[in-house]
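Report on the following structure.
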Amino acid sequence: MPIAKVNGVETEFEPGMTVLQVAEKAGHEIPRFCYHERLSIAGNCRMCLVEVKPGPPKPQASCALPAAENQEIFTDTPMVKKAREGVMEFLLINHPLDCPICDQGGECDLQDQAMGYGRDGSRYAENKRAVEEKNMGPTIKTYMTRCIQCTRCVRFVTEVAGVPDIGMISRGEDAEITTYLEKAVDSELSGNVNDLCPVGALTHRPWQFHYRPWELKKTETIDVMDALGSNIRADAKGAEVMRILPRVNEGINEEWLSDISRYAVDGLQRQRLDKPYVRENGRLRAASWDEALAVVADKLKAAPANRIGVVAGDLQDAESMKAALDLFRALGSANTDCRQEGSALGYGPRESWLFNSGLAGIENADAILIVGANPRTEAPLLNARLRKAWLGGKTEIALVGEQADLTFDYAYLGAGSKTLAKLPKAAMDMLTKAERPAIIVGAGAVSGDKGSAVLNALGALAQKVGVVAEGWNGFNVLHTAAARVGGLDMGFVPGEGGLSVAAMVKPGALDVLFLLGADEVDPTGSDAFRVYLGSHGDRGAHGADVILPGAAYTEKAGLYVNTEGRVQMAERVVFPKGQAKEDWAILRALSAAVGQTLPYDTLEALRSKLMADHPTFGRIDYLPAPASFDVAGLGAKGDLGDVVFVSSVRDPYLNNPITRASVTMAELSALRIAPVAMAAE
């Protein structure tokens, strides 16, 4: 490896690294505004100046300068310091003195660098220029007078998000960042530009003027808005979660976060269930916990075992599903299901319902067939990875299902099962010739009456083209719910003779239907006694005979398993609202009332039982290695019929009880349905 000297100390570096990267590798921090390791190099701000020998006797921008063998790099000479101070002075010529009222105050790169390189006075008496504010949509608040033209936002939306809605116009003093035709940024990742902005030019519109960073209590936890399990940090002020920010996890979300995960946070405060309710004479009335549990227990004890059932929702933690499964199995019921979308998954080896290549590993695939999924709406961060692989020029992508703008080019093969039954020769050649072929299976393909037959056909195709081979498993199921893989791992599917979700909600099927946070099913046709345990007054609570208030995902500690089979631990950020309790604790109390007391009294004891029964839950943050399995044995052989594969996520902004309670998500949904320019504030 080549060697360069950084401030007199020899440092090895990889060919192709820049001077800035070599200096950082040697432990010397270089100030910067425009440079970002995940974006292309712009060289705009000139703050990263260093002195390099051999070379011209002047400071040079380290972000754009390739490192070379036997190069000498100096990061703290008087010339470098003076040059950086000059750059800082120029950057502050037009920057307004907004720090006392700026949302970026306290976590602003410009503030931090001004402390090191700023002057205590200005030599410029001219009037500062002002720039008109821009309309960039419900997630981005603009104060463009503060902009230093670093172009991070332009590069992100163009390169990562694949939606070039932001650009720079004009030249010199008139240069400014703007959107085209006053159009809102049409991306599910738009909030990331606010994180990238090194000054206060772009800030989070939903949270403006709500907090100061030093007022917030910060908790590292896991996102549950989709099945990726993005690593997040939840910041709370008192009893309210104020904001959600991404944490770096190279294997899952890198350092990005979808708008749904980030801005649905206001839904945690609205339409909350904070006390038990019992329906009496057709109307709900508030009740005590003892009374509500007694009513439910009486109904469960009076009903035959085959006439009671439980459906688990999309946001449930593994502990609550384990408690529900143990309770209803103890009552003798086989009517248990966690697959609200009605998929055929859940039987066979664990690999049959996992994203086996891993989220990061999908970038290594050289041919990808997407079946019945829209990754842009179902998993925006996975879509960004697919775009990255496509941009690399070595990955071909084809789609069977709904046509959509996925921000990258793909070969559209057809709409559904007829196409799958006989793939075009070009698609078969693409998969057969690939070294690492992959299939991404969405819930839209394996749901419904033909779901099992479609799953079997996909397995046969995967075997034929070599999707599962030594050291590579490209059979990938893209789930849309954070709870789904955890539920399947513990067997939260109908037992022998048990009813599925669709069968449980039919008239006359059950006497008691227990909805564990299940809001995506329509139980209105069921004439069973309905019990709803959840956090929001949403679809599941409508028409329920008893409502038991549970905790939202930020109000309890819990285990979640993402779509690639990685078990992650979420932490409690704030306490549940009002009289609400943690879900597993409610089920434990109900088990005592019904005479089938569960064998655990604490969360630790419940986790021990969960991990003893299902050892995969004990491997926290472990990504399963690619494992071979009988991919041809999936599902059941049958006629594929003529089914159109439709994505299971119709509106990503209104996809669960929390998003449906969010004002910001309602604005984004309205903008998605009617993409017209919003009136600028």
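In this structure the chain gives 40 Å² per residue of accessible area when probed at 1.4 Å with all protein chains present.
The label point for LYS464 and the one for ARG171, both projected 7 Å from the Cα toward the Cβ, are 5.8 nm apart.
FRET efficiency for the LYS637 to GLU132 pair, using the beta carbon distance and R₀ = 60 Å, is estimated at 0.40.
For the stretch 371-495, what is one quarter of the convex hull surface built on the Cα atoms, given in nm²?
Mean shadow area of the hull around the Cα atoms is 8.5 nm².
Ordered by 1.4 Å accessible area with all protein chains kept, ASP195, ASP120 run largest first as ASP120, ASP195. Rounded, prolate or oblate for the stretch 130-213? Axes are the square roots of the Cα gyration tensor eigenvalues, ordered a ≥ b ≥ c, and the cut-off for rounded is a/c under 1.5. Note, shape of the stretch 130-213 comes out oblate. For the chain, the longest principal axis of the Cα atoms and the long axis of helix 451-465 meet at an angle of about 50 degrees. Based on alpha-carbon centroids, what's the gap between the stretch 430-490 and the stretch 216-240 in Å, whole number please? Value for the Cα centre distance between the two parts: 30 Å. Straightening the chain between GLU363 and ALA421 buys 18.2 nm, computed as 0.36 nm per residue apart minus the Cα-Cα spacing. When both the stretch 135-201 and the stretch 1-29 are represented by their alpha-carbon centers, they are found 32 Å apart.
I'd like the orientation of helix 583-594 relative to the chain: the angle between its Cα long axis and the longest Cα principal axis, in ° from 0 to 90, rounded to 10. Taking Cα atoms only, the helix is inclined about 10 degrees. From the square roots a ≥ b ≥ c of the eigenvalues of the alpha-carbon gyration tensor of the stretch 182-257, which class results: rounded (a/c under 1.5), prolate (a/b over b/c), or oblate? Oblate shape, in that a/c is at least 1.5 and b/c is the bigger or equal ratio.
For the Cα atoms of the chain, what angle does the longest principal axis make with the long axis of helix 289-302, in degrees from 0 to 90, nearest 10? With both axes taken from Cα atoms, the answer is about 50 degrees.
Cα centroid separation, the stretch 280-326 to the stretch 567-616: 15 Å.
Could you work out Rg/(2.2 N^0.38 Å) for the stretch 576-655, with Rg from alpha carbons only?
In units of the 2.2 N^0.38 Å rule of thumb, it is 1.77.
Taking a ≥ b ≥ c as the square roots of the eigenvalues of the alpha carbon gyration tensor, the stretch 200-358 is oblate, as a/c is not under 1.5 and a/b does not beat b/c. Within the full protein context, the accessible area of LEU598 is estimated at about 10 Å² for a probe radius of 1.4 Å. First compute the accessible area of the chain with a 1.4 Å probe, then give the percent of it belonging to carbon and sulfur atoms. About 51 percent, which is the carbon plus sulfur part of the accessible surface. Across the chain, Cα-Cα distances exceeding 34 Å account for 51% of all pairs.
Over 26 Å between Cα atoms: which of LYS301/LYS322; LYS141/LYS556; LYS609/LYS637 fall into that group?
Table pairs above 26 Å Cα-Cα are LYS141/LYS556; LYS609/LYS637.
The gain in end-to-end length when the ALA411 to GLU291 segment is fully stretched comes to 37.3 nm, 0.36 nm per residue minus the alpha carbon separation.
The values are calculated or read from the model by the stated rules, or taken from the named source; none is laboratory data. Small disclaimer: the values here were computed from a predicted structure and weren't measured. Because the Cβ atoms are built from the backbone with ideal geometry, glycine has one as well, and the counts that use them run over all protein chains shown. To get the accessible areas, we keep the full protein, side chains included, count just its heavy atoms, and leave off ligands, DNA and RNA. Shrake-Rupley method; radii C 1.70, N 1.55, O 1.52, S 1.80 Å.
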